[in-house]
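Structure incoming, see below.
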Amino acid sequence: MKQIKSYIFIILIIFPNIVFSQLIEGIVYGNEKEGKQPLPGVNIYWQGTSRGVASGADGTFRIAKEKSDHMLVFSFVGYGEKVVHIHDSRSLEVVLEPSLSIDEVQVVHKNRGTYLSAIDPIQTERINGAELHKAACCNLAESFETNPSVDVSYSDAVTGAKQIRLLGLEGTYSLLQIENMPNLRGLATNFGLTWVPGPWMESIQVSKGAASVLNGYDAIAGQINAEYKKPDAQEKLFLNTFAGASGRLEFNGNGNIRVYKDMLTTGIFLHASDQSRRNDENGDGFLDEPLSRQIQLFNRWKYNNHKGFMAQAGVSVLTEDRQGGQTAFRKGMLSQPGNPWGIDIQNDRLEGFIKAGYVWPNQRTALAWLSNISRHETRSDYGLASYDGEETRFFGSAILTRDLDAAAIHSLNTGVSMIVDHFNERLYDRNMNRTEKVPGIFAEYTMKPDENLTFMAGLRTDFHNLFGTFVTPRTHLRYKAGNHVTLRASAGKGYRTANLLTENTYLLANARPLAWADDQFQEKAWNYGLTIVQHYTLWDRELQLNAEYFRTDFQSQLIIDRETSASQILLVPLTGKSYSNSLQFDLRYQPVERLDMLLAYRHNDVKQTIGGELLEKPLTSRYKGLVSLNYTTNLKKWMFDYTVQFNGGGRLPFHPGSNLTTPAEEFSPFTIMNGQITKYFRYWNIYAGVENLTDFRQPNPVLGADDPYGSEFNAINVWGPVMGRRIYIGLRLQINYE
């Protein structure tokens with residue numbers, strides 16, 4: 001409690017409530033024949049001044065108001081200009097009427113790639129397409145390189161599997177979604193982040209703490225949702241090619257077809273990647289990254305009758321092949337003493353989704369259905385160990401939304417959900433078959449008496465065939481204190497099924513076998529959060545300050561114990577305390593015109609009971625600092641991006657009986673720098689960049705590399721980059737409908 005109080009005190013001291021100016025928020029629509037539609041890129045400025053902004057992709061805007069500002073002008077090509085008198089700070093809704101047709105005019109404005117929502121009751125960071133262009137962003141894992149909240153690292157030194165951390169906890173404790181439907185779980189846990197191509201994504205939303213009960217019971221640390229491009233968007237054709245100096249090649253393409261006017265549309269997406277060059281920069285005899293080949297095809301359809309009904313469906317197929325280990329290892333070669341040590345992993349995945357919704361004419365009631373189904377097969381060899389897995393998963397959810405009064409002050413979301421997940425796994429000649437069937441019911445009440453206050457309380461009950469009935473309560477509060485400060489508080493409980501093998505196959509890249517007693521295990525935790533977001537105007541430019549504190553307390557947890565047994569890695573239940581404290585500060589500002597700056601610092605305090613002793617969680621950085629700069633020249637001819645990550649040191653796990661580690665051993669802080677330059681033309685742009693500019697690499701990521709079949713072999717103690725400096729170049733082509 002003393003530590004929590006000190007964190008709250010620091011937040012209040014560092015970000016005092018200083019009044020610079022008033023902030024006006026709202027959304028601007030265009031009045032079309034099918035109804036009002038959000039308008040992006042609308043010029044919004046104070047009459048008689050040069051101070052203005054442009055509306056975002058969803059039509060929303062925020063603009064600072066000085067004492068002398070009263071008349072706000074809305075101007076957009078093809079629509080009549082509108083002037084609104086501003087007399088208070090309530091949220092605006094502005095509708096522009098179409099005007100006479102005129103010649104084409106190009107409107108260019110600076111689009112800030114990431115921002116914190118001031119309206120959402122849940123602390124949510126929104127990452128749009130502009131941010132995804134600031135780095136190579138070949139997949140979802142690499143899209144967080146400029147993000148202060150999400151850490152991305154390799155789980156081991158041989159498979160190329162990437163893991164994320166949110167609030168200091170592994171990505172398994174965050175709900176990963178594709179278009180608000182659970183995904184990238186089970187057999188997709190280890191490699192799924194690399195199976196979401198960056199050029200396919202329209203945006204990403206990162207929310208922290210307890211998520212809405214509508215999304216399920218298993219979001220403990222937070223939620224990450226990726227939105228793919230929609231087939232009815234203005235984008236007609238998009239192509240992206242990428243080549244890295246290390247031999248990595250990628251191609252992404254997608255196109256939209258208007259099958260029947262704007263009512264029936266389809267999108268076709270293709271992704272192909274290849275890493276066929278063998279790289280061993282540190283000379284330890286092991287590949288720095290595995291050889292891999294991936295092909296993915298996705299087709300989606302959308303129907304909209306513009307009378308309240310909308311439906312979408314899609315299907316995707318993916319196949320990926322990975323080989324790694326010693327440089328002399330070849331596909332099909334048997335791993336045994338005397339032969340090179342290697343890994344061989346084959347993944348095949350087929351998935352589809354259907355979602356539909358209907359809004360009643362009175363606009364007060366809506367019904368939605370969301371569902372997806374997937375079939376995944378994995379065949380893999382890790383040296384002497386073989387792991388095979390099959391998973392078939394179905395998710396379905398029906399949600400009824402209703403405003404309980406005409407003013408929409410009170411609203412209710414309620415519905416039912418169903419999850420069926422069947423696993424068939426084999427490791428060490430041991431078969432593990434499991435089928436989860438989880439029907440659930442949920443309800444969430446929201447009260448919004450005005451624009452300054454939102455209260456949300458949710459409750460869901462799930463009926464698990466293996467773990468019985470459990471209840472998930474969650475609540476969120478948002479309060480806008482004055483014109484500049486938004487306060488949020490949240491609390492909630494989360495549950496998740498620990499997939500002992502599918503989530504931990506990377507642990508097979510070491511000499512010690514895995515050992516566990518129970519094939520089925522459920523984790524439980526409480527999460528509490530407090531955030532403060534402040535918006536000011538400093539020297540006529542928006543300044544955003546954010547401070548947040550989150551704590552996660554585990555009631556039950558699966559512990560990966562690498563430090564008790566000299567001969568095994570133990571997967572055991574928690575027998576004591578386990579918690580995570582995350583304290584973060586960040587600042588977003590534009591010190592000069594067209595230069596966006598993000599400064600962030602986060603402190604992690606993550607501990608768990610291992611072998612009967614409460615210890616700092618191994619391989620977890622104690623802090624992260626981030627400096628991200630983006631500069632765009634006038635008319636967006638050039639864009640320059642530069643990011644520096646400061647990663648704090650941490651504790652290394654101790655291997656009893658080993659001569660290579662000691663109980664007090666730690667890894668040191670390290671710094672990573674990335675940069676990119678983009679040149680824009682009318683329909684295409686070319687970009688070039690470098691990752692890990694200083695060429696920093698973790699020393700000896702593979703312990704016992706000279707004897708991979710010996711007792712000292714260990715490739716899972718990874719805390720830093722395995723690859724050194726990486727230079728790349730890419731080309732994007734985009735053609736829109738007229």
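Gly26 versus (1) buried (at least 18 other Cβ atoms within 10 Å of the Cβ); (2) part of a strand (DSSP E or B); (3) modelled with pLDDT under 80: which is the lone unmet condition?
The failed condition is (3).
Got a number for residues in the stretch 197-223 being touching a helix residue (DSSP H, G or I) at 6+ places or on another chain (Cβ under 8 Å) and either outside the structural domain of Arg322 (by TED's automatic domain parsing) or of a type in the set (Val, Ile, Thr) (or both)?
Going through the stretch 197-223 one residue at a time, the tally reaches 2.
Moving on to the next point. Of the numbered conditions (1) in a strand (DSSP E or B); (2) crowded, with 17+ Cβ neighbours inside 10 Å; (3) among the polar types (S, T, N, Q); (4) modelled with pLDDT of 95 or more, Gln590 fails exactly one; give the number of that condition.
(4)
Right, something else. Tally up the residues in the stretch 54-95 that are touching a residue at least 60 places away in the same chain (Cβ under 8 Å) and under 19 Å from His535 (Cα atoms), please. Spell out how you get there, then give the answer.
Taking the stretch 54-95 as the starting set, the residues that turn out to be touching a residue at least 60 places away in the same chain (Cβ under 8 Å) are 56-57, 62, 64, 66, 86, 89-95.
Then drop every residue that is not under 19 Å from His535 (Cα atoms), which leaves 56, 62, 64, 66, 86, 89-92.
Total meeting the criteria: 9.
Among the numbered conditions (1) surrounded by 15 or more Cβ atoms within 10 Å (Cβ to Cβ); (2) closer than 16 Å to Gly314 by Cα; (3) more than 23 Å from the chain's Cα centre (by Cα), tell me where Ile257 comes up short.
Result: Ile257 fails condition (1) only.
Which residue pairs have Cβ atoms under 6 Å apart, sit 6 or more places apart or on different chains, and have a first residue in the stretch 348-364 that is in the same structural domain as His376 (by TED's automatic domain parsing) and a second that is among the charged types (D, E, K, R) and part of a strand (DSSP E or B)?
If the second residue must be among the charged types (D, E, K, R) and part of a strand (DSSP E or B), the pairs left are Asp348/Glu377; Leu350/Arg375; Arg364/Asp403.
If you go through the stretch 585-639, how many residues are at positive phi and small (Gly, Ala, Ser)?
Here the count works out to 2.
Something else: Considering each of Ala328, Ala313 in turn, give the residue that is more than 23 Å from the chain's Cα centre (by Cα) and among the small types (Gly, Ala, Ser).
Ala328
Scan the stretch 166-177 residue by residue and report those that are in contact (Cβ under 8 Å) with a residue 60 or more places away in the chain and surrounded by fewer than 24 Cβ atoms within 10 Å (Cβ to Cβ).
Thr172
Considering only the stretch 40-77, how many residues are over 34 Å from the mean Cα position of the chain (by Cα) and within 23 Å of Leu453 (Cα to Cα)? Full working, then the answer.
Of the residues in the stretch 40-77, the ones over 34 Å from the mean Cα position of the chain (by Cα) are 46-50, 66-73, 75, 77.
The next check asks that each one be within 23 Å of Leu453 (Cα to Cα); those that pass are none.
The total comes to 0.
Looking only at the stretch 376-393, decide whether some residue is charged (D, E, K, R), under 20 Å from Ala715 (Cβ atoms), in contact with a strand residue (DSSP E or B) (Cβ under 9 Å, 6 or more places away or on another chain) and touching a residue at least 12 places away in the same chain (Cβ under 8 Å).
Within the stretch 376-393, one or more residues are charged (D, E, K, R), under 20 Å from Ala715 (Cβ atoms), in contact with a strand residue (DSSP E or B) (Cβ under 9 Å, 6 or more places away or on another chain) and touching a residue at least 12 places away in the same chain (Cβ under 8 Å).
Take the residues of the stretch 214-249 that are among the aliphatic types (A, V, I, L, M) and over 19 Å from the mean Cα position of the chain (by Cα): which is farthest from Arg278 (Cα to Cα)?
Restricting to residues being among the aliphatic types (A, V, I, L, M) and over 19 Å from the mean Cα position of the chain (by Cα), the top hit is Ala233.
Out of Arg430, Arg379, which single residue is surrounded by fewer than 18 Cβ atoms within 10 Å (Cβ to Cβ), closer than 27 Å to Trp195 by Cβ and in the same structural domain as Pro182 (by TED's automatic domain parsing)?
Working: Arg430 fails: closer than 27 Å to Trp195 by Cβ.
Unique residue meeting the criteria: Arg379.
Next question. Would you mind finding the one in Gly482, Gly468, Gly440 that is of a type outside the set (S, T, N, Q), more than 30 Å from Ser91 (Cβ to Cβ) and in contact (Cβ under 8 Å) with a residue 12 or more places away in the chain?
Step by step, each of Gly482, Gly468, Gly440 is checked, and only Gly440 is of a type outside the set (S, T, N, Q), more than 30 Å from Ser91 (Cβ to Cβ) and in contact (Cβ under 8 Å) with a residue 12 or more places away in the chain.
Still on this structure: If you check Ala136 against the conditions, is it of a type in the set (Gly, Ala, Ser), in the same structural domain as Gly244 (by TED's automatic domain parsing), at pLDDT 70 or above and part of a loop (DSSP other than H, G, I, E, B)?
Considered against the rule, which asks whether it is of a type in the set (Gly, Ala, Ser), in the same structural domain as Gly244 (by TED's automatic domain parsing), at pLDDT 70 or above and part of a loop (DSSP other than H, G, I, E, B), Ala136 comes out as yes.
Select, from Val702, Val690, Val718, the only residue that is touching a Pro at 6+ places or on another chain (Cβ under 7 Å) and either of a type outside the set (A, V, I, L, M, F, W, C) or assigned by TED's automatic domain parsing to the domain that holds Ala511 (or both).
Just a single option satisfies the conditions, and that option is Val718.
This table checks each residue for (1) of a type outside the set (D, E, K, R); (2) surrounded by fewer than 21 Cβ atoms within 10 Å (Cβ to Cβ); (3) in the same structural domain as Pro439 (by TED's automatic domain parsing); (4) in contact with an Asp or Glu (Cβ under 9 Å, 6 or more places away or on another chain).
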position	(1), (2), (3), (4)
Asp288	no, no, yes, yes
Asn304	yes, yes, yes, yes
Ala366	yes, yes, yes, no
Ser374	yes, no, yes, yes
Glu391	no, no, yes, yes
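In this structure, does Arg300 turn out to be assigned by TED's automatic domain parsing to the domain that holds Tyr382 and buried (at least 19 other Cβ atoms within 10 Å of the Cβ)?
yes
Still on this structure, please answer the following. Can you tell which of Gly113, Gly80, Gly129 is more than 36 Å from the chain's Cα centre (by Cα) and modelled with pLDDT under 85? Write out each step before concluding.
On the way: Gly113 fails: more than 36 Å from the chain's Cα centre (by Cα); Gly129 fails: more than 36 Å from the chain's Cα centre (by Cα).
Matching residue, one of Gly113, Gly80, Gly129: Gly80.
Just give me the residues in the stretch 210-222 being without any contact (Cβ under 8 Å) to a residue 60 or more places away in the chain and more than 10 Å from Pro182 (Cα to Cα), in sequence order. Steps first, answer last, please.
Narrowing the stretch 210-222 to residues without any contact (Cβ under 8 Å) to a residue 60 or more places away in the chain: 215, 222.
Hit for the stretch 210-222 is Gly222, nothing else.
Still on this model: If we scan the stretch 693-703, do we find a residue that is crowded, with 17+ Cβ neighbours inside 10 Å, farther than 22 Å from Pro653 by Cα and not basic (Lys, Arg)?
yes
Any chance the stretch 697-708 includes a residue that's in contact (Cβ under 8 Å) with a residue 24 or more places away in the chain, among the polar types (S, T, N, Q), farther than 16 Å from Glu145 by Cα and in a strand (DSSP E or B)?
There is no residue in the stretch 697-708 that is in contact (Cβ under 8 Å) with a residue 24 or more places away in the chain, among the polar types (S, T, N, Q), farther than 16 Å from Glu145 by Cα and in a strand (DSSP E or B).
In the set Lys331, Lys302, which member is charged (D, E, K, R) and free of Cβ contacts under 8 Å to residues at least 24 places away in the same chain?
Lys331
Continuing with the same structure: Regarding Val606, is this residue out of contact with any His (no Cβ under 6 Å at 6 or more places or on another chain), of a type outside the set (Asp, Glu) and buried (at least 17 other Cβ atoms within 10 Å of the Cβ)?
Criteria met by Val606.
The values are calculated or read from the model by the stated rules, or taken from the named source; none is laboratory data. In this text the structure is predicted, and so the values were computed from the model without any measurement. Cβ sites come from the backbone with ideal geometry, for glycine too, and all protein chains shown count toward neighbours.
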